[in-house]
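A.B. asks: This is the structure I want to talk about, given as structure tokens.
The values are calculated or read from the model by the stated rules, or taken from the named source; none is laboratory data. Keep in mind that this is a model prediction, so the values were computed, not measured. Glycine gets a Cβ as well: all are built from the backbone with ideal geometry, and neighbour counts include every protein chain shown.
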Ligand SMILES: Cc1cc2nc3c(=O)[nH]c(=O)nc-3n(C[C@H](O)[C@H](O)[C@H](O)COP(=O)(O)OP(=O)(O)OC[C@H]3O[C@@H](n4cnc5c(N)ncnc54)[C@H](O)[C@@H]3O)c2cc1C
């Protein structure tokens, strides 16, 4: 089977790129693994988040902001172009988001960090605001804040979405634009061929002019076959879900988000435990305590579910985008904020891959940055 481009991995990252390529009239075959694979796409919190991203790599702030700016149009396209029977409401909302601060010192430290980021990125708009507790109470009258909440930073470009619906809509969008999506097709072999690449999956050989490796935690092994060093490791995150209640928490926050159906998501942890996907009582308790610190009234809600998922984490936590030097036409895309960056992946990145070249402004995300020795 021949395609212009084969995308390996149909998680949020691979699916967004494949959707963007298919929309650009490229013939795309997406090869995805099986249901027992590690899948961050089905385990995440659903934030489209900008504030505070990239404190030590300002281009990442710019990248996150670019994607957040593209999100409204991307969401409109993804849902608007679908026929009525295939419409998936993404539950996307961009009203801004909060990061709560406990105590004056933390409040001032956050202000200083966000101000520096704002200056470093040359932002020319009011991308954030520091709000005192009284203002939070005015904006969120249904939330009873804990005594230690001093205030919060408000990121104007933050938002949230239902991540499972996003994934479903991307898969539907790939098919709608003539792409092929094959599940249970874990890639077992990749070779460069006379004109492009040959990929083996489920006993079948596929060939294409270009190749995109976006297989989450499976990417490192695939990239090594194409001469690329892509260091990714799993980082576990856990999330608690409450029973459904009437809307009372109108903005997403880091660690608390009320969904359209009324559940409240509480999270998330950052744990270095290898490939262990267990949900644990210890971390569940820690997450619940953190949420009660923000609002003790959350104690009246019953927790109905808890899950754990593995982030796709690089050594410095920032994305990796690269085209192989040895095998031009083979690209890699991995990151730990695939929901936030979905709009960027489906537009700017897909366009660049279709054109066969990554833009120079993405060079800070080349994995060569890990080869630079640290000063003693
Ligand atoms: C707890 C938690 C909270 C998160 N919260 C947020 C958030 O609020 N906002 C945000 O932006 N991001 C968040 N993320 C991150 C987000 O979920 C990921 O960035 C995104 O899902 C990564 O998608 P991915 O496509 O790279 O990987 P995955 O979703 O893991 O998908 C990888 C795919 O590749 C396939 N695959 C693997 N190996 C092969 C192979 N050899 N051949 C074929 N297919 C293969 C697998 O079957 C899988 O479908 C969170 C993650 C976690 C775990």
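A.B. asks: Which residues, counting only those in the range 82-95, are farther than 13 Å from residue 71 by Cα and surrounded by 12 or more Cβ atoms within 10 Å (Cβ to Cβ)?
C.D. replies: Selection gives 82, 86, 87, 88.
A.B. asks: Anything in the range 345-354 that is more than 14 Å from residue 211 (Cβ to Cβ) and surrounded by fewer than 24 Cβ atoms within 10 Å (Cβ to Cβ)? List them, or say none.
C.D. replies: Listed by number, the residues that qualify are 347, 348, 351, 352.
A.B. asks: Here is a follow-up. Can you tell me which residue among 202, 193 is without any contact (Cβ under 8 Å) to a residue 40 or more places away in the chain, on the phi > 0 side of the Ramachandran plot and touching a strand residue (DSSP E or B) at 6+ places or on another chain (Cβ under 8 Å)? Break it down stepwise before answering.
C.D. replies: Values: 193 fails: on the phi > 0 side of the Ramachandran plot.
202 is the lone residue from the list that is without any contact (Cβ under 8 Å) to a residue 40 or more places away in the chain, on the phi > 0 side of the Ramachandran plot and touching a strand residue (DSSP E or B) at 6+ places or on another chain (Cβ under 8 Å).
A.B. asks: Looking only at residues in the range 227-249 that are more than 16 Å from the ligand (Cβ to nearest atom) and closer than 22 Å to residue 365 by Cβ, which one is surrounded by the fewest Cβ atoms within 10 Å (Cβ to Cβ)?
C.D. replies: So the first thing to find is which residues in the range 227-249 are more than 16 Å from the ligand (Cβ to nearest atom), and the list is 227, 229, 242-248.
If we keep only those that are closer than 22 Å to residue 365 by Cβ as well, we get 227, 229.
Numbers: 227: 12, 229: 14.
Only one residue fits best here, namely 227.
A.B. asks: Sticking with this one: Specify which of the listed residues (57, 63, 47) is within 20 Å of the chain's Cα centre (by Cα) and either within 30 Å of residue 278 (Cα to Cα) or free of Cβ contacts under 8 Å to residues at least 12 places away in the same chain (or both).
C.D. replies: Details: 57 fails: either within 30 Å of residue 278 (Cα to Cα) or free of Cβ contacts under 8 Å to residues at least 12 places away in the same chain (or both); 63 fails: either within 30 Å of residue 278 (Cα to Cα) or free of Cβ contacts under 8 Å to residues at least 12 places away in the same chain (or both).
None of the others qualify; the one that does is 47.
A.B. asks: Still on this structure, I have one more. Name the residues in the range 299-336 that are touching a strand residue (DSSP E or B) at 6+ places or on another chain (Cβ under 7 Å), over 30 Å from residue 4 (Cβ atoms) and more than 12 Å from the ligand (Cβ to nearest atom), would you?
C.D. replies: If the condition is that a residue be touching a strand residue (DSSP E or B) at 6+ places or on another chain (Cβ under 7 Å), over 30 Å from residue 4 (Cβ atoms) and more than 12 Å from the ligand (Cβ to nearest atom), then 301, 302, 303, 304, 305 are the ones that fit.
A.B. asks: Here's something else I'd like to know. Would you check if there is a residue in the range 267-284 being crowded, with 21+ Cβ neighbours inside 10 Å, near the ligand (Cβ under 10 Å from one of its atoms) and under 22 Å from the mean Cα position of the chain (by Cα)?
C.D. replies: Taking the range 267-284 as the starting set, the residues that turn out to be crowded, with 21+ Cβ neighbours inside 10 Å are 267-268, 283.
Pick out the ones that are also near the ligand (Cβ under 10 Å from one of its atoms) and you get 267-268.
Cutting the leftovers down to under 22 Å from the mean Cα position of the chain (by Cα) gives us 267-268.
Yes, that holds for at least one residue.
A.B. asks: Sticking with this one: For residues that are surrounded by 20 or more Cβ atoms within 10 Å (Cβ to Cβ) and either more than 12 Å from the ligand (Cβ to nearest atom) or outside any strand (DSSP E or B) (or both), tally how many sit in the range 18-37. Even if it seems obvious, please write down each step before you answer.
C.D. replies: Just the residues of the range 18-37 that are surrounded by 20 or more Cβ atoms within 10 Å (Cβ to Cβ), to begin with: 18-23, 26, 28-33.
Restricting the remaining residues to those that are either more than 12 Å from the ligand (Cβ to nearest atom) or outside any strand (DSSP E or B) (or both) gives 18-23, 26, 28, 32-33.
Of the residues in that region, 10 qualify.
Conditions (1) in contact with a helix residue (DSSP H, G or I) (Cβ under 9 Å, 6 or more places away or on another chain); (2) not assigned by TED's automatic domain parsing to the domain that holds residue 337, marked per residue:
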| site | (1), (2) |
| --- | --- |
| 37 | yes, no |
| 42 | yes, no |
| 55 | yes, yes |
| 61 | yes, yes |
| 72 | yes, yes |
| 80 | no, yes |
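A.B. asks: While we're on this one: Can you tell me how many residues in the range 176-205 are part of a strand (DSSP E or B), in contact with a helix residue (DSSP H, G or I) (Cβ under 7 Å, 6 or more places away or on another chain) and loosely packed, with under 14 Cβ neighbours inside 10 Å? Give the steps one after another, and end with the answer.
C.D. replies: From the range 176-205, those part of a strand (DSSP E or B) are 180-182, 187-193, 196-201, 204-205; that's our starting set.
Restricting the remaining residues to those that are in contact with a helix residue (DSSP H, G or I) (Cβ under 7 Å, 6 or more places away or on another chain) gives 181, 187, 190.
After this cut, where a residue has to be loosely packed, with under 14 Cβ neighbours inside 10 Å as well, the list is none.
The number of residues fulfilling the criteria is 0.
A.B. asks: Right, another one. If a residue has to be in contact with a helix residue (DSSP H, G or I) (Cβ under 6 Å, 6 or more places away or on another chain) and away from the ligand (no atom under 14 Å from the Cβ) to count, how many in the range 1-17 make the cut?
C.D. replies: Looking only at that region, the number is 1.
A.B. asks: Further question: Here are the criteria: (1) in a helix (DSSP H, G or I); (2) in contact with a strand residue (DSSP E or B) (Cβ under 6 Å, 6 or more places away or on another chain). Tell me which single one residue 59 does not satisfy.
C.D. replies: Here residue 59 meets the rest and fails (2).
A.B. asks: Go over the candidates 217, 213 one by one and state the one that is within 14 Å of the ligand (Cβ to nearest atom), farther than 14 Å from residue 331 by Cα, touching a residue at least 12 places away in the same chain (Cβ under 8 Å) and under 21 Å from the mean Cα position of the chain (by Cα).
C.D. replies: 217
A.B. asks: Would you check if there is a residue in the range 335-345 being assigned to a loop (DSSP other than H, G, I, E, B) and free of Cβ contacts under 8 Å to residues at least 40 places away in the same chain? Let's see the steps before the verdict.
C.D. replies: We begin by selecting, within the range 335-345, every residue assigned to a loop (DSSP other than H, G, I, E, B); these are 335-341.
Keeping just the survivors that are free of Cβ contacts under 8 Å to residues at least 40 places away in the same chain gives none.
No: zero hits.
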